[in-house]
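Colleague: Would you mind keeping the following structure in view while I ask a few things?
Throughout, read-outs are computed from the coordinates displayed, never taken from laboratory work. Small disclaimer: the values here were computed from a predicted structure and weren't measured. A quick note on method: Cβ atoms are made from the backbone with ideal geometry, for glycine too, and the neighbour counts reach across all protein chains shown.
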């Protein structure tokens, strides 16, 4: 049995359901893997999942695709590679309380945005505002990552980035009306989020083990699509007390399963979709065009 560690990008939520299912039912063990799941609650997000991967504290990290780009192109370059897309489409958005009267992104000018301090995040949001006809001139604050959603609810920020299938579901259940803006509607070719990332060198030396991990993970997500009630029961065991009380898991799963993909697509990353995002990154001068030729993802473990 091979012991492997996976660092979550957030406290356990609907995007992780297939992983918890694979662990709970035994899909990982069937494939010779003893998986340890590391929550950011353990260190209050003092280290990002990408950093945990880089430091060897985890074998896999869940993060947006831009983390792969960042790791491969920062000063102390790290060979990271995306091996599995959890969602086939971007179902995140920039959100503001309806009560804030920001009916479009351009009205964020002069307001306050709560940022996760991801490498390209602030620029992406500025481009969203500019593409809507604004100046992209707004205040940016960097609260504790795990408290950013509450920063919006408490009126300390006017907008932040959310997942429609998690914070969006919470807002809906509490009758909190949001204005939400999807990047694709404002000519921003966003990539996959979240993806599972690995160390490229470890992948090369342990390909069969990593392929077994992906096989078990896919089985978990496909199980969730076909066994909704059981899937929700399993995920509930791992949630924080806050999320158990505030998230309608059945609605969250219904809003998500269509994006897990079927037997053919689950985990798959479309090269064209990634290419458009990389081109957008280059055109907006966030990275040099060398990223267009880098080996940043692979679908080979899905075979």
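Colleague: For an R0 of 30 angstrom, estimate the FRET efficiency from the Cβ-Cβ distance between residue 284 and residue 154 and round to the nearest 0.05.
Modeller: E between residue 284 and residue 154, to the nearest 0.05, is 0.40.
Colleague: Which three extents, in angstrom, do the Cα atoms of segment 139-219 have along their principal axes, listed largest first?
Modeller: Here the spans come out as 49, 30, 29 Å, largest first.
Colleague: Ignoring solvent entirely, what values of log10 I(q)/I(0) come out of the Debye formula for the chain at 0.10 Å⁻¹ when each Cα is a single scatterer?
Modeller: Listed by q, the Debye log ratios stand at -0.53.
Colleague: Quick one: order 213, 27, 78 by neighbouring beta-carbon count within 10 Å, fewest to most.
Modeller: In increasing order of surrounding Cβ atoms, one gets 78, 27, 213.
Colleague: Further question: Take 234, 14 and order them by how many other Cβ atoms sit within 10 Å, fewest up front.
Modeller: Starting with the residue having the fewest Cβ neighbours, the order is 234, 14.
Colleague: Still on this structure: Note down the nm distance, to one decimal, between modelled labels 7 Å out along Cα→Cβ at residue 130 and at residue 299.
Modeller: Using points 7 Å along Cα→Cβ, the separation is 3.2 nm.
Colleague: For the chain, modelled as a GNM with alpha-carbon contacts under 10 angstrom, which of 85, 241, 157 fluctuates the most?
Modeller: 241
Colleague: Let me ask another. Given labels modelled 7 Å from the Cα in the Cβ direction, how far is it in nm from residue 74 to residue 264?
Modeller: According to this spin-label approximation, the distance is 3.9 nm.
Colleague: Sorting check: for 291-297, 46-52, which peptide has the highest mean count of neighbouring beta carbons within 10 Å, and how do the rest follow?
Modeller: The densest-packed peptide leads the list: 46-52, 291-297.
Colleague: At 0.36 nm per residue, minus the direct Cα-Cα distance, what do residue 184 and residue 39 gain on full extension? Give it in nm, one decimal, please.
Modeller: Residue separation times 0.36 nm, minus the Cα-Cα distance, leaves 49.2 nm.
Colleague: Would you mind giving the three semi-axes, in whole Å and largest first, of the ellipsoid equivalent to segment 92-186 according to its Cα gyration tensor?
Modeller: Ellipsoid half-lengths, sorted descending, are 19, 15, 13 Å.
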